[in-house]
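Structure record follows, encoded as structure tokens.
Throughout, read-outs are computed from the coordinates displayed, never taken from laboratory work. Being a predicted model, the structure only gives us computed values, none of them experimental. Virtual Cβ from ideal backbone geometry, glycine too; neighbours counted across all protein chains shown.
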Amino acid sequence: MQRAAGTGVAIEYEDVTKTFGDVTAVDGVSFAVEDGELLALLGPSGSGKTTTLRMLAGFETPTSGTISLAGDDVTRVPTHKRDTGMVFQDYALFPHMTVGENVAFGLERQGVPADEARERIEEVLALVDLAGFADRDPKTLSGGQQQRVATARAIAIEPEVLLMDEPLGALDKRLRDQLEVELTEIQADLGITTLYVTHNQEEALTIADRIAVMNDGRIEQIASPMEVYEEPATEFVADFIGDTNFLEGDLHEAADGRVVLETTTGELEVNAGTAPADGGGRVFVRPEKLTAHDPATTTATQNTLPGHVDRRLFLGSKVRYFVDVDGRQVVVDESNRHASSIHDVGDEVTLAWSVQDTRLASG
Amino acid sequence: MSQRRFTAELERVNGRLSALVRAYRETRLGKYGLLAPTLAFVAVVMVFPTAILVSYSFNPYDAGTVGVGVTLAHYVRAFTTPLYQQTLFRTVWIAAAVTAIDFVLGFPLAYAAVRKGGWVGKLIVIATLAPLTIDLVVRSFGWFILLNGSGVINSTLVTLGVVSAEDAPKLLFNEVGIVIGLAHVMLPFMVFPIINVLHTIPHELEEAARSLGANRATTFTRVLVPLALPGISAGVLITFVVSLASYVTPALLGGGVRVIPVVITETFTSTSNWPFASALSMILVAVALVVIVGYQRVLSRLDGVGGV
């Protein structure tokens with residue numbers, strides 16, 4: 001079942017649009033997924049991510065555009081003739097069948113001989129850590145176990161791509177974290193191309209090779225988790241993924257070519273080649289990129305803003321400050337290195353961060 | 001008695017009364033007491049008349065009245081006379097045909113009502129229920145207009161040149177008429193139990209089956225039918241048993257072609273042979289019971305999902 005990663009394109013969407021009545025759920029989406037890659041479709045509810053996935057499963061037909069699976073156009077191919085395995089949020093196990101019969105269902109459709117099927121069932125159940133569960137009634141299993149059965153059922157048929165629609169959405173936090181790791185290990189072991197829908201940004205950052213951030217039926221950015229986080233292509237992406245401080249002011253290019261943001265409390269240098277022609281666009285910096293220190297120890301090479309601590313959350317391994325900068329709130333996350341250096345509410349502080357982390361949220 | 005003592009006494013009495021009511025509810029009389037009105041009603045309108053019919057069916061027929069003595073003659077006559085054999089057989093197969101037709105028509109209707117939802121679903125429910133608001137006799141006369149030799153259906157077929165006037169199908173006063181009429185009357189009894197059970201089956205299960213390589217037919221037989229079995233079996237049973245015993249529609253649309261309930265009524269009213277009519281009634285009841293019991297047996301043997 002092992003497959004080499006990155007040997008070609010497994011999934012390709014070309015200008016795919018889906019409308020329901022006068023609502024456009026998916027709006028001209030194009031992207032490709034490499035063999036063996038796990039691509040997460042991340043976005044808020046109503047962003048079109050689930051519809052995008054369901055069109056690959058064949059549950060919805062695109063209004064326009066084409067979808068290819070392993071090089072073949074499957075846009076109009078009925079679901080049961082597509083080589084896809086689907087995992088649903090609510091497991092969708094057949095309640096009138098045992099765990100083994102659930103897994104066997106797809107194998108029977110493929111005409112796998114009974115003894116070979118029995119072997120394969122044991123194999124995939126062992127893979128999801130449920131060896132010996134074949135005769136159990138799925139209703140007696142926990143949510144996490146049911147979802148693992150559903151995963152085993154989907155991978156038993158050795159599909160070209162695995163489709164997962166919020167597979168961890170119905171589970172509690174601890175189970176989610178655990179299953180997140182297990183699912184990605186299985187996915188990587190099998191090298192199976194996976195399209196994974198989630199609204200949970202942490203989940204997407206943890207498991208995905210690449211993330212496609214969706215909003216309003218369009219893909220805002222498609223890139224590696226680190227790139228999506230560090231270099232968001234649009235303001236929406238910057239805002240949706242992680243916590244963000246947006247800074248406002250007048251953007252312009254200085255005489256020496258540097259891009260600067262003129263704020264009410266000073267000038268900030270921006271990590272950008274050119275300033276937008278219209279002077280618009282906002283600048284942002286992540287809370288963990290900032291340090292809050294004593295006003296006396298400022299270094300000149302960084303961007304700085306003066307302020308005072310308005311509120312403080314002690315979170316154990318880190319401290320979160322809400323700093324008032326000329327009436328505007330800036331969030332600062334500092335790791336708890338030395339308990340003695342934690343600021344108190346009301347302290348005057350200088351916020352400092354590198355120019356590199358001062359980014360333009362374009363778009 | 002002072003005010004305070006009176007209040008205390010009242011509370012004591014009240015407490016004892018509540019205890020008495022609680023104790024009474026625990027007794028057999030208390031438990032079944034609430035059922036008594038219903039049981040009495042059923043006894044008066046069902047058990048009592050049935051018992052009379054059972055006893056009549058073994059009495060001889062004596063010159064227009066119920067005679068004295070015990071005889072099996074009526075049952076022997078019913079089972080040995082070709083006319084009654086044929087009628088009994090016809091009654092059962094008409095009920096079976098109506099049930100089969102209503103399942104074939106009703107399941108897709110129920111499925112569409114549940115899965116389409118919105119105004120389509122509501123329209124299906126209303127269209128299925130609407131005929132129930134019109135009296136059976138009125139509905140049957142509606143079918144007259146549609147089905148008779150020169151009725152709407154046949155004249156349309158002739159006008160369109162599909163058939164000639166001589167070859168127009170005979171749709172009324174025969175089995176075809178009865179089946180069409182009954183299938184219409186019974187449809188809601190098939191559709192609604194199935195609608196109820198389909199509401200409990202998540203659509204995702206069908207999608208899961210489809211993504212595992214099952215076509216529509218396999219998804220229907222392996223996923224939908226097993227899970228919908230409680231509703232299907234309720235619908236089938238009600239449709240069959242009520243069709244078996246129905247009188248008005250077959251009497252009006254069957255013409256000279258009779259089913260057992262029609263024969264029973266005619267025997268009671270025109271020949272006044274109450275013992276023989278009673279025997280026919282008991283045979284019909286027995287057929288229904290055999291079907292119900294046999295059906296339950298089969299269902300309980302089916303793996304997993306329970307019967308009615």
**Computed over region A:1-134, Cα set: Rg, Dmax in Å** = 17.2, 51
**Message:** I need the phi-derived Karplus couplings for region B:55-67: 6.51 cos²θ - 1.76 cosθ + 1.60, θ = phi - 60°, integer Hz, Gly and Pro marked x.
**Reply:** 5, 4, 5, 9, 8, x, 8, 10, 6, x, 10, 7, x
**Request:** Find the relative contact order for chain A and round it to a whole percent, using C-alpha pairs within less than 8 Å whose residues are 6+ positions apart.
**Result:** 16 percent
**Item:** Cα pair distances exceeding 16 angstrom across region B:200-243, given as percent
**Value:** 44 percent
**Request:** Calculate the dipole size of the protein assembly as shown relative to its Cα centre from +1 charges on Lys and Arg beta carbons and -1 charges on Asp and Glu beta carbons; express the result in debye to the nearest 20.
**Result:** 5480 debye
**Request:** Averaging sequence separations of C-alpha pairs under 8 Å and six or more residues apart, then dividing by the length of region A:235-363, give the relative contact order as a whole percent.
**Result:** 30 percent
**Prompt:** Relative contact order for region B:121-173: what is it in percent, counting Cα pairs under 8 Å that are at least 6 residues apart?
**Reply:** 26 percent
**Asked** Out of the DSSP beta bridges found with both residues in chain A, what percent are antiparallel (nearest 5)?
**Response** 75 percent
**Fill in**
Among beta bridges assigned by DSSP with both residues in the protein assembly as shown, the antiparallel ones amount in percent, to the nearest 5, to 75 percent
**Request:** Consider just the alpha-carbon atoms of the protein assembly as shown and return their Rg together with their Dmax, both in angstrom.
**Result:** 37.9, 127
**Asked** Leaving out same-chain residues fewer than 8 places away, which lysines sit with a Cα under 16 Å from that of A:Lys289?
**Response** A:Lys318
**Complete:** region B:76-301, Kirkwood Rh and Cα Rg, ratio Rg/Rh at 1.03
**Asked** If the convex hull of the alpha-carbon atoms of region B:98-170 is projected onto planes in all directions, what is the mean projected area in square nanometres?
**Response** 6.6 nm²
**Complete:** Taking the convex hull of the alpha-carbon atoms of region A:245-361 and averaging its shadow over every direction gives an area in square nanometres of 7.3 nm²
**Prompt:** Projected area of region A:118-190, taken from the Cα convex hull and averaged over every viewing direction, in nm²?
**Reply:** 4.9 nm²
**Fill in**
Beyond 18 Å, the calculated P(r) of region B:1-113 holds a percent of Cα-Cα pairs equal to 78 percent
**Message:** Helix-only mean residue ellipticity at 222 nm, chain B, DSSP H runs n ≥ 4 weighted -39,500 (n - 2.57), per residue, nearest 500. What is it?
**Reply:** -23000 deg cm²/dmol
